[in-house]
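Shown next, in structure tokens, is the structure this report addresses.
The values are calculated or read from the model by the stated rules, or taken from the named source; none is laboratory data. Only a predicted model underlies this, so the values are computations on that prediction, with no experimental measurement involved. Cβ: placed from backbone, ideal geometry, glycine included. Neighbour counts: every protein chain shown.
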Amino acid sequence: MQTPENGVSATGAAPLQREIPDPPKPIAPLWHTVVLVVGIIFLSVSGAMELSGAQASVNRLQTYALTVASELFMLAWVYFGLR
């Protein structure tokens with residue numbers, strides 16, 4: 001017996017039309033995501049350069065404050081992209 005799962009109606013009539021769903025819409029624009037990824041890479045590279053080698057003796061409180069500020073900025077950036 002043919003069933004709706006295989007595309008044929010149970011009565012033997014013409015095949016059922018399957019509705020093709022629309023592709024999912026992006027959450028944020030591509031440019032927004034690229035800017036976020038480039039910013040994360042920049043912060044990672046600059047932090048690694050700042051905390052490596054002879055320059056390793058930095059003010060930890062300042063480093064933590066800048067980290068919190070940059071993460072809050074990225075959170076706001078993501079929120080902006082979702083709107």
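How many of the residues making up region 60-79 are of a type in the set (A, V, I, L, M, F, W, C) and surrounded by fewer than 11 Cβ atoms within 10 Å (Cβ to Cβ)?
6
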Between a residue in region 56-83 that is more than 18 Å from F42 (Cα to Cα) and any residue that is modelled with pLDDT of 90 or more and in a helix (DSSP H, G or I), which pairs come within a Cβ distance under 6 Å, given they are 6 or more apart or on different chains? G81/H32
For region 42-67, give me each residue that is part of a helix (DSSP H, G or I) and either of a type in the set (G, A, S) or at pLDDT 95 or above (or both). S44, S46, G47, A48, G53, A54, A65
Could you list, ordered by first residue, the pairs with Cβ atoms under 7 Å in which the first is in region 22-39 and within 12 Å of F80 (Cβ to Cβ) and touching a residue at least 40 places away in the same chain (Cβ under 8 Å) and the second is among the aromatic types (F, W, Y) and part of a helix (DSSP H, G or I), at least 6 apart or interchain? L36/W77
Return the residues of region 26-36 that are part of a helix (DSSP H, G or I) and surrounded by 10 or more Cβ atoms within 10 Å (Cβ to Cβ); say none if nothing qualifies. H32, T33, V34, V35, L36
